[in-house]
Every structure is written in C-alpha cells, then in structure tokens.
Amino acid sequence: MRIKRTNLVIGLLLIVWTSVLYLTFPYHSINSNEVSDVVKQIVILEQGISREFEKNNVVIKDAQELLEIKKKGEIHPNIVDQKELQDVKIPVLVFACNRVTVTRCLDNLIQYRPDPDQFPIIVSQDCSHEETRNAIQKYGSQISLIQQPDQSDIQVPPKEKKFKGYFKIARHYGWALNQMFFNFNFSSVIIVEDDLEVAPDFFEYFIGTYPLLLKDSSLWCISAWNDNGKEGLVNTDRPDLLYRTDFFPGLGWMLTKNIWFELYSKWPRAYWDDWIREPLQRKDRSCIRPEVSRTRTFGKTGVSNGMFFEKHLKFIKLNEEFVPFTKMNLSYLLKENYDNGFVRKVYQSPIINYQDLKDGKVRHNVPTRIIYKTKEEYKLITKKLGLMDDFKSGVPRTAYKGIVTFYFKGKMVHLTPDAIWTGYNISWS
Ligand code: UD1
Ligand code: MN
C-alpha cells in the first residue's frame, strides 16, 4: 500500500513536471503568425546582408579603379627632383683628334653651359696634333684636356686598311670612357664629337631626361640626335616632343657607369657604333631621341669621308628654341606609359598610302599610318619620302617597335609594320 502511494506521488509529480515544462517551453508561446514574422525577418536580414555584399563589391571595385588611377598618377607626377638634379655632376666628354675646328664645338658648349661646376667639359685628344692641342689649351680653366697616350700603329687586316680610322676612334673611345668612369669616377657622361654643334637647350635636355635613364632600365641612352631630323621632316613647332627609339643614334649622347660596366671589357677594336647596336649589346633597350635635333654635325671631311654628309647630315635641323625640360613632365616616355599610350595610338591612326602623302592627297587632320611589309617596301617608301633607308642589326633609323615616326608637310606620319610586331629581322640591312 505504501509503495502504491509513493508511486502515486511520483506519478503526480511527473505529471506536474511535464506540464510545467510544456507550459513554460518557449516555442509554445510562438504562434504561427509569429513564426512567419521570424522567417520574414530572416529573409530581410539575408537581403540586407547581400545588399551589403553588393555595396562592398562596389566599394572594392571603386578602390581598385582608384588604385589603378593612382598607380598611373604616381608615375605621372614630375619625376624630376629639382634639388637632386642640381647636385649631379654630368661631364661632357669631347672627342678631338686633328681638327682645329673643335673650337666651334667648344665655343658652343661653353656658351650654353648653365653651370661649369655641374657640367665640367673634358676634351680628350687623340692623334697628337699640335695645332689642335694649342687651340684647345687656349680655353684655359674653362675646360680640361686629357690625351690618349697610345699613339702606336694599329695592326689592321689588309682588307680593312682604309678603315684604320675606325680602329683609332674605337681605341680612343675605350680609353677615354675608362678614364671618365674608372679614373674620375663620374656616374654618367655626355659624349660629344669635335664636329658637333649643340643647341641652346642641350644641357637642359640632358639634365631633364637624366631621371628617365636612371628610373627606366629599358633605357640605355639619351641621344640629342634625330636621324631623320631634316628640316622638312620635323615639326619645328614641337621642339618639346621626345620619343623612344630602338636605334642607337649616338651623336651627342649620354650613358651611365652601369652601362659602361657592361661594355668596357668587350669593347670592340673598330666600328664601335655599329657594334653597340648589335642585339648582344643593346639587349632590347631603347634610347630617348628628340623631334628636333640638339646637335648638328659640320664634319664634312672625317673618317667616313663625308659619305652621308652631302646627302643627309648637312640637312639636319638644329633646334633653336629653349625647352624647359627639367620643369616638364616627361613620364610619358617611361616604357609602360609609352607602350600603352603612344604605341597604341599609332595603331589606331588611319592608314594611308605613301604616294597619296607625297602627292598631298591626304585629308586627315590626325596622325596617319603607312604600312610596310618587307624590307624592299620599307626602302622604297623611305627613299620616296626622303627618310634614311638603312638598317643596323635589322633596326631602321629612329624605329621604336618597328614604328618610324616623322612629319611630312606638317603632319605626323607613322611608318609601321603591318601585323602584330614580333621583333626586328636581323637580316634586314
Ligand atoms: C662616324 C660617326 C661617329 C663615330 C665613328 C666611329 C657619324 C656622323 N659619325 O665617324 O659618331 O664615332 O663613325 O665609328 O655617324 N677621332 C679620333 N681619332 C682618330 C680619328 C678621329 O679620336 O684617329 C675622333 C674625332 O675627333 C671625332 C670622332 O673620332 O670626335 C669621329 O671622327 P670623324 O672623323 O668625325 O668620323 P665620322 O665619320 O664622323
Ligand atoms: Mn664626324
């Protein structure tokens, strides 16, 4: 009986406990309306979250775009640090031999030199020609004179006897550049030959473009020379315009010690300028060249015996207007900007035919493009238009990625390869 009563109590307690649990359990208080409210809230929450995601995506995209613009902008601000530039010493190395007219070159350099301390002029004389030496020494402390000590005869293969001068020039260049970089320890040098005249902004041009040479490892020289810089083929209203070129122009040019480090130990016995243009030396690098030349040669009789002089060199237009390059933004010449800007625009320009250009039948007011497909075609077109028609290591004069840009009857024209450019053909000569 006692057990029975205990069981009853336990049973009752269980019933009460279960009821309490049942009545107090939360789900019991949610009716079906409330359930659909919660579901709605969850849906709203989900929608809110996905809206936030979308917003975030827009923000991320904006940020990416901003970064892109900023990246471009960062290359764009003037990369010329005025203060730093004032401190660099950039010597001008003048190569002389037996031409007393070196004075014409030196007068010019001294006249336009903004600061003798920043731009020391060092004349290196070969050939032991006394009259020339005397003429140079008359400049006193305005310049320094060094003399190439090795005047021994050079053994030249019989076939090349008449080219001995080129062997002497190469020997002189090798010695003098070693002096400049390893003895005087300059970090860059502007090279000028004794038969060059320079433009009023010659120094400004080099100091202004120097930061590009330091910053852009795809550049290996700055040159003052436009190989197609004849009066009728340039735009004299655009002396500020500069280009990249795969063709090493020389004739007033700047190189850095780093480049000399690459070259000095394999420096050739002769024909240094053609050698430097070979792929092994150039390594796909480019130079900067101006629209209007900052040098002009008056060396009618020289080692190459005026081969090009009468036909070509004497017509090169020397710039007369001072362009403040150090105050200008030249970042369009950096490889990335140039390839995405200039080169892309070239291929967007309307195609014309050289005969129409010659006959003045081209009506476009924008730069145009003429296509060449073969070496023969290139030679024909350039001959007809008065451009230089030769190649060195397959590279046409002034070409950048095969593009040769010039002005004709006041309009910009690009002579370009036809398809997507795959590189120079070294057999084109
Ligand atoms: C041509 C190039 C020149 C290049 C040379 C070497 C042109 C217009 N000129 O010389 O840039 O350096 O080929 O391949 O394209 N010199 C000496 N020692 C000599 C003879 C000359 O040092 O025994 C000097 C001259 O003073 C001058 C330079 O070498 O500064 C070039 O001589 P030049 O007679 O002008 O030869 P180019 O035919 O113009
Ligand atoms: Mn010369």
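Per atom type, region 254-364 shows carbon and sulfur on 52% of its accessible surface, probed at 1.4 Å.
Model label sites at Phe322 and Thr236, defined 7 Å from Cα along the beta-carbon direction, differ in position by 2.0 nm. Using a Förster radius of 41 Å, what is the FRET efficiency between Gln142 and Lys335 based on their Cβ-Cβ separation? Nearest 0.05, please. About 0.60, to the nearest 0.05.
Taking square-rooted eigenvalues a ≥ b ≥ c of the alpha carbon gyration tensor, is region 154-292 rounded, prolate or oblate, where a/c under 1.5 means rounded and, failing that, a/b exceeding b/c means prolate?
Values: a/c = 1.82, a/b = 1.40, b/c = 1.30.
Note, shape of region 154-292 comes out prolate.
Put a dot 7 Å past the Cα of Val88, heading toward its Cβ, do the same for Phe184, and the two dots end up 1.6 nm apart. Using a ≥ b ≥ c from the Cα gyration tensor of region 275-429 (square roots of the eigenvalues), is it rounded, prolate or oblate, where a/c under 1.5 gives rounded and otherwise the larger of a/b and b/c decides, a/b for prolate? Taking the square roots of the gyration eigenvalues as a ≥ b ≥ c, region 275-429 is rounded.
Kindly state, to the nearest 0.05, the FRET efficiency for Asp356 paired with Val303, given R0 = 35 Å and r defined as their beta-carbon distance. Could you put the intermediate results ahead of the total?
Values: r = 41 Å, r/R0 = 1.16.
Between Asp356 and Val303 the formula returns 0.30.
Please compute the per residue accessible area over region 171-318 with all protein chains in place, 1.4 Å probe, rounded to a whole number of Å². Write down the numbers at each step before the final one.
On the way: 5120 Å² over 148 residues.
Dividing the accessible area of region 171-318 by its residue count gives 35 Å².
Qualifying trypsin sites (Lys or Arg not before Pro) in region 373-429, where qualification requires a DSSP coil assignment and no more than 14 other C-beta atoms within 10 Å, comprise Lys373, Lys409.
Please find the FRET efficiency linking Lys164 to Glu46, where r is the Cβ-Cβ separation and R0 is fixed at 56 Å, and quote it to the nearest 0.05.
For Lys164 and Glu46, the calculated efficiency is 0.05.
Working note: Debye formula, equal point scatterers on the alpha-carbon atoms of region 216-359, no solvent; log10 I(q)/I(0) at q = 0.20 Å⁻¹ is -1.40. Within region 175-212, name every residue whose backbone N is under 19 Å away from a label modeled 7 Å from Cα of Tyr264 along the Cβ vector. Counting only backbone N, you get 175-192. With all projection directions averaged, the alpha carbon convex hull of region 155-201 covers 5.0 nm². Can you compute the label reach from Lys373? Point 7 Å from Cα along the Cβ direction, backbone N cut-off under 20 Å, restricted to region 324-360. Output list for this probe position: 347-357.
Residues whose amide H lies under 5 Å from that of Ile403, counting only those 5 or more places away or on a different chain, are absent; hydrogens are built 1.01 Å from N in the peptide plane.
The values are calculated or read from the model by the stated rules, or taken from the named source; none is laboratory data. Note that the structure is a prediction, hence the values are computed from the model and not measured. Because the Cβ atoms are built from the backbone with ideal geometry, glycine has one as well, and the counts that use them run over all protein chains shown. Accessible surface areas use protein heavy atoms only, side chains included; no ligands, DNA or RNA. Shrake-Rupley method; radii C 1.70, N 1.55, O 1.52, S 1.80 Å.
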